[in-house]
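Just below is one structure, and these are the notes that go with it.
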Amino acid sequence: MADGRLEALERIYRPGSAAALRDTLERWDVTLVYVGPVERARYDITPEHEARLADVLSLVFDQGRVRLYRRRG
């Protein structure tokens, strides 16, 4: 189950494209993505990366430096 998980996290937090992000979320059955200070530091999340997340996911929580996104559909 954990095989490929680290790579999947990289593809989620630093997506190359909307299609790749959708594929990864679907493959791993991810419905929520948490973005907080630890994730921003660990995955070097840039505003561009987060904009790609927002293109594919719906923002459901935003307070301070914490955002929670939900997969659409």
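The figures follow:
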quantity: Most to least accessible of GLU50, GLU7 (protein chains only, probe 1.4 Å); calculated: GLU7, GLU50
quantity: Percent RCO, i.e. relative contact order, over the chain, from Cα pairs under 8 Å lying at least 6 residues apart; calculated: 33
quantity: Carbon/sulfur fraction of accessible area - the chain, other protein chains in place, 1.4 Å, %; calculated: 50
quantity: Surface accessible to a 1.4 Å probe, per residue, for the residues of the chain, Å²; calculated: 67
quantity: Whole-angstrom gap from region 54-73 to region 1-41, using each part's C-alpha centre; calculated: 13
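The values are calculated or read from the model by the stated rules, or taken from the named source; none is laboratory data. Predicted, not measured: the structure shown is a model, and the values here were computed from it. In case anyone asks, the SASA skips ligands and DNA or RNA and just uses the protein heavy atoms, side chains included. Shrake-Rupley method; radii C 1.70, N 1.55, O 1.52, S 1.80 Å.
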